[in-house]
Amino acid sequence: MRWGAFFGTTLIISIMMIIQWPRIKKYSKKEKLVFFILLFIGWGLSMFDLPHISGPVTWLKELFKPFAPLLES
């Protein structure tokens, strides 16, 4: 986990919420919910070192490795 990126993203999200809140007050609940969900997804992804995480193909290979002998025969 890169703490600098995490705290930097947290600071930017806080500033965005402070600046955007007067504009967002007018919108419906659904639009507010989407705004906050997207912010929290970005905030959550900032906790991971995404460039160094293996891709989904590697995960699938590891998941199906025990079944390889059954599929090859």
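Each value in this text was obtained by applying a stated rule to the coordinates, not by laboratory testing. Model, not experiment: these values are computed from the prediction. Here the Cβ positions follow ideal geometry from the backbone for every residue, glycine too, while neighbour counts run over all protein chains shown.
For the chain, count all C-alpha to C-alpha pairs, find those more than 16 Å apart, and express that count as a whole percent of the total.
Tail fraction, whole percent: 65.
List the trypsin sites (Lys or Arg not before Pro) within the chain that fall in a DSSP loop (any state other than H, G, I, E or B) and whose Cβ has at most 15 other Cβ atoms within 10 Å.
The qualifying sites are R2, K25, K26.
Tell me what the chain gives for mean residue ellipticity at 222 nm when only DSSP H runs of n ≥ 4 count, each as -39,500 (n - 2.57), the sum divided by the residue total, rounded to 500 deg cm²/dmol.
-23000 deg cm²/dmol
Find which of S54, I18, L70 sits farthest along the positive direction of the dipole of the chain, computed with +1 on the beta-carbon of Lys and Arg, -1 on that of Asp and Glu, about the Cα centre.
Working it through, the farthest residue towards the positive pole turns out to be I18.
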